[in-house]
Amino acid sequence: MTVDIEYETDILLELPCRNIIERVVRAALDYEKCPYEACVSVVLTDNKNIHQVNLETRQIDAPTDVLSFPMNEFPAPGDFSRLEDDPDSFDPDSGELLLGDIMISAEKVMEQARAYGHSETRELAFLVAHSMLHLMGYDHMEDEERLDMEHRQREILESIGILR
């Protein structure tokens, strides 16, 4: 598993970010029974930068907490079966599944942790779990999908002992 983490902000979370992110990525892959070693890129940024990307990619003129950029299309959420037939889904050097990119606002991690009354560790972990599910084909446009994602996020975090 490769998790590339970049900081594009001077606003630093006083957390072991690499450790938290890697634990959640691994837990999400294990939870979804991903049959491959995978590669994920994570960018920690600020509200200004994520606002700009949100506007450019989703035409939403506001900062958000997390953006997900999946590299693959899944026939059904968490269904890895067709990826084996698509060589573009894998890094030619490492052979790892290229899942996609995650962008997280460090400012939103701090703001939302305060607003929801839990730790920044829990908020960062939640956003990574949420985004990992998006990278594996899940969405929350319908109530049933939202409830399914919420259940999966909770179980992923519980599996590594990160509770509310």
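Each reported figure results from applying straightforward, stated rules to the coordinates on display, with no laboratory input. The structure presented is a predicted model; accordingly, all values stated were derived computationally and were not measured. Note that we place each Cβ from the backbone using ideal geometry, even for glycine, and neighbour counts take in every protein chain shown.
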query: Antiparallel as a % of all DSSP beta bridges within the chain, to the nearest 5?
result: 30 percent
message: Just to be sure I understand the rule: take each whole DSSP H helix in the chain, project its Cα atoms onto its long axis, keep it if the span is 18 Å or more and its mean Kyte-Doolittle hydropathy is at least 0.0. Which ones pass?
response: 17-31, 120-135
The chain: relative contact order in percent, alpha carbon pairs under 8 Å with at least 6 residues between: 28 percent
query: For segment 24-77, what size does the Cα cloud have along each of its three principal axes, sorted from largest down, in whole Å?
result: 37, 24, 15
query: Compactness ratio of segment 2-159: Cα Rg over 2.2 N^0.38 Å, N = residue count?
result: 1.01
query: Highest GNM mean-square fluctuation, the chain, Cα pairs closer than 10 Å: which of LEU127, LEU135, LEU83?
result: LEU83
message: If exposed means no more than 11 neighbouring beta carbons inside 10 Å and the site is in a DSSP loop, what's the longest run of the chain without any exposed GluC sites (Glu not before Pro)?
response: 74-141
